[in-house]
Each structure stands twice: as structure tokens, then as C-alpha cells.
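Visitor: Got a structure here, written out as C-alpha cells. Questions coming.
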Amino acid sequence: MADSISMKKLVTRLLMVVVAMFVFGFALVPIYDVMCKAFGINGKTAGQYEGEQVVDTSRQIRVQFLSTNAVDMVWDFYPKADDMLVNPGAVNEMVFVARNPSDHAMSAQAIPSIAPGDSAAYFHKTECFCFTQQVLQPGQQIEMPVRFIVDREISKDVKHLTLSYTLFDITARHPPVAVAEKAGG
């Protein structure tokens, strides 16, 4: 009888732990967002630009472009220019280059970040290679554009933004389709 009661207590405690872990899993994203905002890190870019397409020619903001590879990512990955001057409200484009030097097809995903983080809400990408996964065959090189608008509502104190991308190898999770399979299927 005592074993039965202790077994029920154990099962109840384990179920409570499972429920707590499940709830914590859902709470991670809002907690992450709050921490990023509090510490000004990992600035997520804003959504689609919905303002009027009016360019503020009275000021310019320097946008710097950075690219890094995550651990085990072997691709060459870089912007065509280190920076550019933009007018708030204007549509701008920067091209990033990626090359797969390996001897096998690979899939990749780019994750963007804006610094300073509190200015990220004013950076709108209208087209970006980061919206989709990139697949390159061995030796293949591609140019990937990012089109963006710096919102006219950005603080007049902001003179410099940094758009950085980290490129991750996702081949294990999303194997690329072979060229022969694409052609036949």
C-alpha cells in the first residue's frame, strides 16, 4: 500500500515537471525578446514597410554590412561593399555573394541582426535572401540581394546602423535536392 502511494506521488511529480517544461518552452520566445530588448542585442528587423514612399533627403545614415559564418559553415560569404550611405525612406539594395567551395551540395540559412537593437524597428527589408533557404551545388556561386528601407521615423540621432548576417549550414536538417532529381521530377 505504501509503495502504491509513493508511486502515485512520483507519477504526479513527474507529470508536473513535464507540464512545467512544456509551459517554459512556450515562454522562451517572449523571454528572449524581452532580454534582447533590455540588453540591446540581436536586433530583429521590422516587418514590411507600410509608410508612404517619401524620401528624407535632408539626412543620410551610414549602413554597414557584416557577414559571418557559423561554426562548420565552409561557404565564402560577404557583401559586395562594406557600407553605404542611405536616405531615410529610400529603397536601397546591397548584394551579398555566397560560394560553396565544398565537393557536395549544401543548404544554408542566413539570420539577420541590426545594431543598435533599438533602431531595428525602423529597418524594413522588402526582399532578402534570408527569407528562404539557399542551396548551392559544389563550386557554385550566387549573388543574393537584400532590398531595404530605413524608416523616416528613425531618430535623428541615429547616424549609423549595422546589418549583419550569420550563415548557418542546415544541410543535415534540410538536405538539398540533387540537380538530376530536379530535372527528372
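Visitor: Restricting to the stretch 111-143, name every residue that is under 16 Å from the mean Cα position of the chain (by Cα) and of a type in the set (A, V, I, L, M).
Guide: Within the stretch 111-143, Ile111, Ile114, Ala115, Ala120, Ala121 qualify.
Visitor: For Asp118, indicate whether it is over 23 Å from Thr57 (Cβ atoms), out of contact with any strand residue (DSSP E or B) (no Cβ under 9 Å at 6 or more places or on another chain) and either in contact (Cβ under 8 Å) with a residue 60 or more places away in the chain or surrounded by fewer than 18 Cβ atoms within 10 Å (Cβ to Cβ) (or both).
Guide: No, not satisfied.
Visitor: Now, a different point. Do we find a residue being small (Gly, Ala, Ser) and farther than 21 Å from Asp56 by Cβ anywhere in the stretch 148-158?
Guide: No, the stretch 148-158 contains no residue that is small (Gly, Ala, Ser) and farther than 21 Å from Asp56 by Cβ.
Visitor: Let me spell it out: the conditions are (1) on the phi < 0 side of the Ramachandran plot; (2) touching a residue at least 24 places away in the same chain (Cβ under 8 Å), and Thr132 meets all of them except one. Which number is the exception?
Guide: For Thr132, the failing item is (2).
Visitor: Within the stretch 132-160, track down each residue that is assigned to a strand (DSSP E or B) and within 13 Å of Gly89 (Cα to Cα).
Guide: The answer is Arg147, Phe148, Ile149, Val150.
Visitor: Does the stretch 108-131 contain at least one residue that is under 27 Å from Asp72 (Cα atoms), part of a loop (DSSP other than H, G, I, E, B), at pLDDT 90 or above and among the polar types (S, T, N, Q)?
Guide: no
Visitor: Part of a strand (DSSP E or B), in contact (Cβ under 8 Å) with a residue 40 or more places away in the chain and either surrounded by fewer than 19 Cβ atoms within 10 Å (Cβ to Cβ) or not β-branched (Val, Ile, Thr) (or both), is that true of Val95?
Guide: Yes.
The values are calculated or read from the model by the stated rules, or taken from the named source; none is laboratory data. On a predicted model such as this, the values are computed, not experimentally measured, just so you know. Reconstructed Cβ throughout: ideal geometry from the backbone, glycine too, with neighbour counts over all protein chains shown.
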